[in-house]
Amino acid sequence: MRYRNATAYRFLTPYLLIFAIFWIWPIISSFLISFQATRTLPWRFAPAFNWGRLIGDPAFFNALKNTLLILVIQVPVMISLAVVMAVLLNSPLLKARGLYRFAFFAPVVVGEVAYSAVFRLMFSLDFGIINKLLNSVGLEKIDWFSNVTPAMALIMIAVTWRWAGYNAIIILAGLQSIPEDVYEAATLDRVSKVKQFFHITLPLLKPVIVFCAVLSIIGTMQLFTEPFLITERGGPGGGTETLGLLLYRQGFRSLNFGYASAIAYTMAGLAIAITLVQLWLMREPK
Amino acid sequence: MAAVTLTNVVKRFGTFEVVHGANIAIADGEFVVFVGPSGCGKSTLLRMIAGLEDISGGEIAIGGKLVNDVEAADRGIAMVFQSYALYPHMTVEQNLSFGLRMNGNPKADTDRRVKRAAGILCIEELMQRRPKQLSGGQRQRVAIGRAIVREPQVFLFDEPLSNLDAELRVQMRVEISRLHKELGVTMIYVTHDQTEAMTLADRIVVLKAGNVEQIGAPLDLYDDPANRFVAGFIGSPKMNFLKANVVEQDQRSVTVELANHGGAKLKKPLCEALPAVGTEVVLGVRPEHFFEVGEGDCDIPVKADVAEHLGSVSYVYANAGAEELVVEREAARQRASGDHFTVSIKAERSLLFDKTGARIR
Ligand SMILES: Nc1ncnc2c1ncn2[C@@H]1O[C@H](COP(=O)(O)OP(=O)(O)OP(=O)(O)O)[C@@H](O)[C@H]1O
Ligand SMILES: [Mg+2]
């Protein structure tokens, strides 16, 4: 038995080596770097340098506030939308189901740059179709890129557009695993379709929804593409800067790796904390 | 309490017709079993009665009221599903009370009904468990309990015991029978197990490929089947069918020669039109209706291929080549493969069918 295990590990060695070098080591290394002052060479050990700065840094709190705001609004809206989409997709009345399934999944496949470019076009002040539509129903044009609130809304809309379908497909799989006869039993029990949804479908979907929510929270905590490409590096004036962007700015622009590492660890820690709280809130009652 | 009447009921899925005009009249308080091979339309019929499947043609009445266009929930029926269909996220108690709670039934009445159902089925200790913490038999009880709580006029069961092991199946069968006596309501029960049908039913409806083949009391179907299908379906092991030719005819009887058994002849009295000399017919003999040499009207020699000894009875499978026969014997423990012996057929314990399978009486 021992011997057989040893053989297995020998076969695994190449993979484990790569895993150690490119995964484990960076994780440890960045943790160590976060305790070093890296603004000037040589780097020196100074725990308060980055972590101390973090606690008092208005840019950090701005990014944190923006990230959490997006998280708190966008994730619930997107998950609710995904549930509705999944239910519609699962309806026996729907024709051309395969087409919809593809359409829902397509945003994930489209290149990030292409999608961001399209969003910039659609929301542009004078030529964008969105403003034209607003105008045509008698509403004021919105300057999506120069005001903080519309810019934040735009980020949330874009992220929701990109990931709602993906989540809907996952939730659809959960829906399809609920046996049909449970609904038939409920129909015989004179339970209306709406009540069936709230008392049977939703409770039974809970594990899948929690899974989607956890994935989305982790994704949103690291949000980068949209504020970088669509609102041009967190514009206007840092109004949509997220933790991911701040990290990029510190690490790649200022080459301040110590501070960037501290931010990265804060992001990961927050994602884990929020996820744990959520798992605890949604736990199976004993 | 309600009678259930099906008049020329037809069911089509698209253009594919699966039930071809069923006429079944079920009396108030009766226990009727739909039986037939897989795919014959038993579940479809039951689901049409329940209102889970719409009716393509004909009429279904429950308690004298036409229900073709009545919602499933308003038909006064309750259904027990083969897969139990319990709500997985609710406790047993919540499963039982769900329908009533959702419809704003007064809490005191709901509690009373749930308690009563739990009492009838002896599931009081399970009330706080969830379905996945229950055994198959316990789940089945809960499913039946959920039906009882509705206080329906008609119970529908769709193969409720098919997921249980043999012992539990016998136990639940007895319990369902007891339940029927206790509640006195109409029950319609679907199964493909003829033993369940024979033991539970007041009357059996035998179905084949969407057609009602025969309706009758269990022993009537056993003694007097309308055709070869019913004769073969009711009774276990299956009835033997022996190829035969009519060789002689007189006033009230025909003599048939058994083609595969060395020209053995049997004189069979009949009361309806006699088949002509030369007609090919089929003689049906149940395994338990082979007698000792000399006791019957026609002796045939057989050679045992396989013998199954179950203790109280033995089944001998004989003559594999020409025409396989199953012979039941109470005292055949010493019979072994390769034995030659002779059995005897009694005219009054055999049935005659024509080539299409219709009974010749
Ligand atoms: N929704 C459906 N669409 C098309 N055909 C169906 C549908 N449901 C059932 N059928 C067909 O109708 C016939 C009868 O089916 P049904 O389920 O009533 O059989 P059954 O007698 O209950 O069989 P079993 O003993 O296997 O449960 C079958 O040929 C089946 O393929
Ligand atoms: Mg069936």
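Read-outs: derived from the displayed coordinates by stated rules, not from any lab. All of these numbers come straight from a predicted model, not from anything done at the bench. No Cβ is skipped: glycine too gets one built from the backbone with ideal geometry, and neighbour counts run over all protein chains shown.
Quick note on the range B:102-155: its Rg to Rh ratio, both from C-alpha atoms and Rh being the Kirkwood radius, is 0.98.
Ranking B:G263, B:S253, B:I215 by Cα position along the charge dipole of the range B:187-281, where only Lys, Arg, Asp and Glu carry charges on their C-beta atoms, puts B:G263 farthest toward the positive end. What is the list of residues in the range A:204-248 whose amide nitrogen lies under 19 Å from a point 7 angstrom out from the Cα of A:R283, following Cα to Cβ? Taking a point 7 Å out along Cα→Cβ of A:R283, the residues of the range A:204-248 whose backbone N falls under 19 Å are A:206-211, A:214.
In this label model, A:V72 and A:S192 are separated by 3.4 nm, measuring between points 7 Å along each Cα→Cβ vector. Sorted from longest to shortest, the spans of the Cα atoms of the range B:1-148 along the three principal axes equal 46, 32, 27 Å. Working note: Cα atoms of the range A:147-230, range along each principal axis, descending, whole Å: 54, 22, 15. Equivalent-ellipsoid semi-axes for the range A:178-286 (Cα gyration tensor, √(5λ), whole Å, largest first): 43, 17, 9. A Stokes-Einstein calculation at 37 °C with viscosity 0.692 mPa s, built on the Kirkwood radius of the range B:239-361 over Cα pairs, returns a diffusion coefficient of 222 µm²/s. Taking Cα atoms only, the orientation of helix B:136-149 departs from the longest principal axis of chain B by about 60 degrees. Pairs from the table (A:K206/B:K115; B:K11/B:K132; B:K238/B:K268; A:K195/B:K42) lying more than 24 angstrom apart at Cα are A:K206/B:K115; B:K11/B:K132; A:K195/B:K42.
May I ask you to derive the FRET efficiency for B:R349 and B:H20 from their Cβ-Cβ distance with R0 = 41 Å, giving the value to the nearest 0.05? Efficiency computed from Cβ-Cβ geometry: 0.75. Normalised by residue count, the range A:111-266 yields a Cα convex hull volume of 156 Å³ per residue. Taking the empirical scaling 2.2 N^0.38 Å for compact globular proteins as reference, the range A:35-139 has a Cα radius of gyration ratio of 1.75. Counting beta carbons within 10 Å around each of B:Y222, A:Y9 and listing the fewest first gives the order A:Y9, B:Y222. Note on the protein assembly as shown: percent of Cα-Cα distances in each 20 Å bin, starting at 0 and stopping at the bin with the largest distance, equals 14, 30, 26, 19, 9, 2, 0.
With the convex hull drawn over the C-alpha atoms of chain A, the volume per residue is 232 Å³. Here's the list of aspartates and glutamates a cross-link from A:K65 could span, going by alpha-carbon distance under 14 Å and ignoring same-chain residues fewer than 8 apart: A:D57, A:E241. Shielding by partners for peptide A:175-185, expressed as the average number of C-beta atoms from other protein chains within 10 Å of each residue's C-beta, is 5. Residues B:M90, B:M239, ranked from the fewest to the most other C-beta atoms within 10 Å, line up as B:M90, B:M239. By the count of other C-beta atoms within 10 Å, a proxy for reagent exposure, B:V230, B:V174 are ordered fewest to most as B:V174, B:V230. Computing FRET efficiency as 1/(1 + (r/R0)^6) for B:K181 and A:F211, where r is the C-beta to C-beta distance and R0 is 56 Å, gives about 0.70.
In order along the range B:168-180, the Karplus-derived 3J(HN,Hα) couplings, from 6.51 cos²θ - 1.76 cosθ + 1.60 at θ = phi - 60°, round to 5, 5, 5, 4, 5, 4, 4, 5, 5, 4, 4, 4, 4 Hz, and Gly and Pro are given as x.
Once the C-beta distance of A:I55 and A:A273 is scaled by a Förster radius of 22 Å, the resulting FRET efficiency is 0.85 to the nearest 0.05. Counting only DSSP H runs of at least 4 residues, each contributing -39500 (n - 2.57), and dividing by the residue count of the protein assembly as shown, the helix-based mean residue ellipticity at 222 nm comes to -14000 deg cm²/dmol.
Charge dipole (Cα centre; +1 on Lys/Arg Cβ, -1 on Asp/Glu Cβ; no other charges) of the range A:58-281 amounts to roughly 80 debye.
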